[in-house]
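Accompanying notes for the structure given below.
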Amino acid sequence: MDRKGTILLASAAMLMAGGLRAFAQQPAGPQASAPSPVRLAPRPPDAPQIYSGERITIPAGTRFSVVLENGISTRSAKPGDSLYFRTSFPVTEGNRIIVPVGSYMRGELTEAKRPGRIKGKGEFRMKLNSLIFPNGYTVDLNAVPRSADSGGKETMDEEGKTTGGGGKGHDAGTVATTTATGAGVGAIAGGAKGAGIGAGIGGLAGLGAVLLTRGPEAELPRGSTLDIVIERAVLLDGSQIQYTNVGASSPITPPPPRQQ
């Protein structure tokens, strides 16, 4: 083989080698299985949203648990006196809190009457007329208390009138004490006859003390808990209650111990 043929043969070999390398570098054919899916983190459920402009209704008959912030006593109370309350339990609607703990209510006394000297009990009546949210949003309210826990003997009717407890036992005790005291003094002074006279005088003194003493005052001390019922539906602006702080319970100042 001459030199020219040798060169042609070498060139052909080099071309074949290059083609084999190119063929080896080509990607494999179509994949037989689909690629592994990409796993995405699960999306948390959306929290209930209150949209701007939404109107939320607190229906009539809704109950609020509140704590009295200033005490009431017919000894000094008069119609028009301001009353202040703080909510101690949240109000919810549609699985969301719309009135948080720590909201405020303002009310006033509509009537107050001291007990009489011969008969009668102290009594007063109140109404609540505004609800103030922690962010300052304020709405009108028409509500009355239905029950109260004051630690005393006061009673409350369905119209919110609070009446002082009875005082008959105390009056009887006053008469009995003065009668016994008079009898003892009379016995020392004049024996059995003196005891009878002394008892009569003591009884009259006790009766006079009862007639000059007023009956039981009606009182709700600071820290009393009340059950409030709204009598008319309340409309709330949803954009005003998009708060993240839904309130926290506060220590309740219990009513002071009271004589029974």
Handout entry: Pair list, Cβ < 9 Å and 6+ apart or interchain, from region 85-97 residues that are under 11 Å from residue 225 (Cα atoms) to residues that are among the aromatic types (Phe, Trp, Tyr) and in a loop (DSSP other than H, G, I, E, B)
Key = none
Problem - residue 122 being of a type in the set (Gly, Ala, Ser) and over 23 Å from residue 65 (Cβ atoms) - result: yes
Practice task
Output the residue which, of all residues in region 64-75 that are within 14 Å of residue 222 (Cβ to Cβ) and of a type in the set (S, T, N, Q), is surrounded by the most Cβ atoms within 10 Å (Cβ to Cβ).
Solution key: 73
Problem - Cβ-Cβ under 6 Å pairs, at least 6 apart or on other chains, region 219-234 side more than 12 Å from residue 150 (Cβ to Cβ) and free of Cβ contacts under 8 Å to residues at least 40 places away in the same chain, far side surrounded by 19 or more Cβ atoms within 10 Å (Cβ to Cβ) and of a type in the set (A, V, I, L, M, F, W, C) - result: none
Exercise for the section: Might you check whether a residue that is farther than 25 Å from residue 234 by Cα, of a type in the set (Lys, Arg) and surrounded by 14 or more Cβ atoms within 10 Å (Cβ to Cβ) occurs anywhere in region 86-99? Expected result: no
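Since every read-out is calculated from the coordinates, none of them should be taken as a lab result. No experiment lies behind these values; they were computed from the predicted model shown. Please note: Cβ atoms are built from the backbone with ideal geometry, for glycine as well, and neighbour counts cover all protein chains shown.
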